[in-house]
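Every number in this text was worked out from the coordinates using simple rules, so none of it is lab data. Quick caveat, the model's predicted, so the values are computed rather than measured. Glycine gets a Cβ as well: all are built from the backbone with ideal geometry, and neighbour counts include every protein chain shown.
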């Protein structure tokens, strides 16, 4: 091992320090155009370190495009800051270690074991990693912790082709968590899950923020958004309509104007629920 092994130990040491970082994410005048049409209009906001920000809005509001801009998958105007550094100036390695992204869906065209897919979350720390190379103890710990946290450790030897949609969603979340990045962005992480696993995942994501991580996630379930997010960002046709506490953002006026619905609202054990009830 010597030289390679020493480099690997140094990389994994950096991984441990990376996991303890707490970073904010700041957008300044971010605008995105797709096909000549503006889909995000000069949006400015800050995702504070250690908070869970829920991104909500109707279909076509620009939520997924916003996350893709942050992770540099689509071109944008404006500035994005990760901590005190402009995101576009960060090297690819640091960006991959500091910012984990869970898209709506992955297209996998080859058979892969669940454990191997989650292990891909450790790739940012493994310079020159070749397929089949032995994982370090640090990597194995991160992978197992992520899989147990998402209730998919028992699936580790299964092929992805054999999983249900909900099982695959949990495995993909485990891969994102295995990065141990200080910032996690997730696009509809609970969309394919049954009610129990929805609650488990939202509880897990809130625990991540309590440990100092920064989480931004797209949600359609307004009750879960209200219960588990510190703040909500409401989009409509690419424009920022409201940003604030769930009580401020999920007002009857906003639900009518943006979603076109009337909702039943109440509280249980001090937490608010929102039940879409009729068209407005």
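Remarks
- Residue match in the range 251-258 (condition: within 27 Å of the chain's Cα centre (by Cα), over 13 Å from residue 225 (Cα atoms), touching a residue at least 60 places away in the same chain (Cβ under 8 Å) and outside any strand (DSSP E or B)): yes
- In this entry, residue 124 is excluded by the filter for residues that are in contact (Cβ under 8 Å) with a residue 40 or more places away in the chain and under 18 Å from residue 233 (Cβ atoms).
- For residue 36, the conditions (1) more than 18 Å from residue 214 (Cβ to Cβ); (2) crowded, with 18+ Cβ neighbours inside 10 Å are fulfilled apart from (2).
- Screening 192, 242, 207, 247 for residues that are on the phi < 0 side of the Ramachandran plot and in a strand (DSSP E or B) leaves exactly one candidate, 242.
- Listed by position, the strands (runs of 3 or more DSSP E) contained in the range 48-117 that have at least 3 residues being touching a residue at least 40 places away in the same chain (Cβ under 8 Å) and within 22 Å of residue 139 (Cβ to Cβ) are 99-102.
- Hits in the range 218-230 - residues which are surrounded by fewer than 21 Cβ atoms within 10 Å (Cβ to Cβ) and assigned to a strand (DSSP E or B): none
- Residue 199 out of contact with any strand residue (DSSP E or B) (no Cβ under 8 Å at 6 or more places or on another chain) and either surrounded by fewer than 17 Cβ atoms within 10 Å (Cβ to Cβ) or part of a helix (DSSP H, G or I) (or both): yes
- Extreme residue, farthest from the chain's Cα centre (by Cα), among residues of the range 260-280 that are part of a loop (DSSP other than H, G, I, E, B) and under 22 Å from residue 235 (Cβ atoms): 280
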